1. Please work out the Cα center distance from the range 135-195 to the range 31-47, rounded to the nearest Å.
2. What per residue convex hull volume, in Å³, comes out for the range 108-169 when only alpha-carbon positions are used?
3. Just the number: Rg to Rh for the range 80-121, Cα atoms, Kirkwood Rh, two decimals.
4. Given C-alpha coordinates of the range 1-62, what is the ratio Rg to Rh with the Kirkwood estimate of Rh?
5. Highest first, please rank the peptides 16-29, 52-65 by the mean number of other Cβ atoms sitting within 10 Å of their residues.
6. Per 0.36 nm of contour for each residue apart, how much would the distance between E177 and E159 grow if the chain were fully extended, relative to their Cα-Cα spacing?
7. In square nanometres, what is the average projected area of the Cα convex hull of the range 1-153?
8. Have a look at the range 87-195 and give its Rg and Dmax from the Cα atoms, expressed in angstrom.
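Every number in this text was worked out from the coordinates using simple rules, so none of it is lab data. What you see is a predicted model, and the numbers here were worked out from it, not measured in a lab. When we count neighbours, we look across all protein chains shown, and the Cβ atoms used for this are built from the backbone with ideal geometry, even at glycine.
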Amino acid sequence: MTRATFYFDLGSPFAYLAAERVADEVLPEPITWQPLSLGALFKLAGRSSWSLGDPERRREGIAEVQRRAALYGLPPVRWPEPWPSNYLFAMRACTYAFQQGLGRQFAVRAFRDSFQYGHDLGLPECVLQVAGEVGLDRRAVEDATQNPEVKLALRAATEAAHELGVFGVPTFAVGDELFWGDDRLEDAARLRHAG
């Protein structure tokens, strides 16, 4: 079957929506979940988030996330305060979780903690709470966020995604085709089935 990759950052509510649906197998296995740093990706692509700057664009984006969550049968979105925050610690922890074989569990739990319970993943304590809940050693996770190899792995994954043409999350890669946005998940799944 054609290879598939799901690129995400834990700070993205649209990536949260996609993760819930990928976890429900809308996009068939096998699929690689690839954490990256959206802030670093934006710098590489010369872009910024819809959540920053124009208040009307932010309001419309938030309303759209809430509309889609209801459409997908997910709990009402509870927004962390503040949002967005700085997710570098969280994404390094997520990278380490994948190295330990618990990445998907960590990512799904972290997304839910953020957008179903309103916990700020910019706070290390909230991230370490998730780590402990999925069976990771909190001290090991905290240490890993300062480990040069973990930092390099996240940076390299982000740069590799950018080289492929990824400029935002969620993005789904099926073979050489990229599908950007939660609303493109079904398109990616159709191509995967066709392949």
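1. Distance between centres, Cα-based: 7 Å.
2. Enclosed volume per residue, from the Cα hull, is 101 Å³.
3. Rounded to two decimals, Rg over Rh is 1.00.
4. Taking Rg over the Kirkwood Rh, I get 1.05.
5. Values: 16-29: 19.0, 52-65: 12.4.
Per-residue mean Cβ counts within 10 Å order the peptides as 16-29, 52-65.
6. 4.7 nm
7. Here the figure is 9.4 nm², rounded to one decimal.
8. Rg then Dmax for the range 87-195, in Å: 15.3, 45.
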